[in-house]
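Here is the structure we will look at.
The values are calculated or read from the model by the stated rules, or taken from the named source; none is laboratory data. These numbers come from a predicted model, not from an experiment. Please note: Cβ atoms are built from the backbone with ideal geometry, for glycine as well, and neighbour counts cover all protein chains shown. Heavy atoms of the whole protein, side chains included, go into the accessibility calculation; ligands, DNA and RNA do not. Shrake-Rupley method; radii C 1.70, N 1.55, O 1.52, S 1.80 Å.
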Amino acid sequence: MSAEPNESKIYENKHGEINRFIKRKRATGRSEKTLNSYSRVLREFFHDQFPDLEPQDVEVIHIEDYVMALNERDLTQNSVKKYLEVLSSFYSYAMKRPHFEGITGNPAAVVMEEIPRTYRDRPDCATWQSACKIIQHMPDPRDKTVAIVLAKTGCRLLEGLSIREEDLMFEEGFIRLRNRKGGGQTVVPVDDETINAINRYQYMILDSDSPYLFTSNQGNRICKERIRREVKQAADRAGVAPLGETRFEKKFTPHTFRTVFTTLMRNQGMKQHILKYLRGDAKTETMDIYTRVDRDQAREEYMSCIKRIGV
């Protein structure tokens, strides 16, 4: 997979407190992408925006000035809030550690509470029927199988592309998803249609030394951009969303499968805590490390809600 520019780089900070914070977050399992975001925002704040300011001297007025600078870059409210969430995370962490004795408050949290989060409407085409049409119009078995996994598990694209052969637990009816948000992993149920699709794909592909299930012709993990392109082209062929569509509410992307899955599960009456577990939204490790009963309960709930694609 070709990484986004610098998405895994961890930026060094001139303040030892911040470098210590990043190091501790890495030790607790934060993903490289999350650590990149932490280090990048904190470096921008203390190196570029306020180079003469020490972490313990930051006040609410500095955070407000930073928000004004971010607004000048035409960032959305949600994006601004994400920047502040990084700063708030650092100060929340520091306040709970005695060796950060100079930090006694969280100025970022004060400002963050005043910024409302905006929610975009669900795309008009984000329906199970649209997803099925798109998958049926994907000619390549590999791309089609990736799309089936996305639609049937609600996983993020990178999570789906990171599936390894060893993650297929078909005898029990599960797939292990790695690289979940926050650096964790979960075991999620799949139905017979998904299992059969993966088995057909595996039968058709040539032997590869790659540990990944979905590989490119060069034997590497297939890149995200290819799947994005193939989904858009299939959406055009299926009459769901024309090529070149830029309006959020009218376009269909690989991430839209996640919205489709979520909507389907909610409409089918899935329990909220199980849906959160399947989506990998929150700290749901308890369902994955306690007993097999919890997994079986999740699978039973899943099987009562999931629908067939018809491939």
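Of note:
- A single member of Glu165, Glu159, Glu193 is modelled with pLDDT of 95 or more, of a type in the set (Asp, Glu) and in the same structural domain as Arg247 (by the TED database), and it is Glu193.
- When residues of region 263-294 are limited to those that are basic (Lys, Arg) and at pLDDT 85 or above, the one most open to solvent (accessible area, probe 1.4 Å): Arg266
- Just one of the numbered conditions (1) open to solvent by less than 20 Å² (accessible area, probe 1.4 Å); (2) modelled with pLDDT under 85; (3) of a type outside the set (A, V, I, L, M, F, W, C) is not true of Tyr302: (2).
- Conditions (1) touching a residue at least 60 places away in the same chain (Cβ under 8 Å); (2) within 30 Å of Glu44 (Cα to Cα); number of the one not met by Val111: (1)
- When Gly102 is tested against (1) assigned to a loop (DSSP other than H, G, I, E, B); (2) open to solvent by 50 Å² or more (accessible area, probe 1.4 Å), just one condition goes unmet, and that condition is (2).
- Counting the residues of region 157-185 that are in contact (Cβ under 8 Å) with a residue 40 or more places away in the chain and open to solvent by less than 50 Å² (accessible area, probe 1.4 Å) gives 15.
- Which numbered condition Tyr66 fails, given (1) open to solvent by 30 Å² or more (accessible area, probe 1.4 Å); (2) among the hydroxyl-bearing types (Ser, Thr, Tyr); (3) farther than 17 Å from Arg20 by Cβ: (1)
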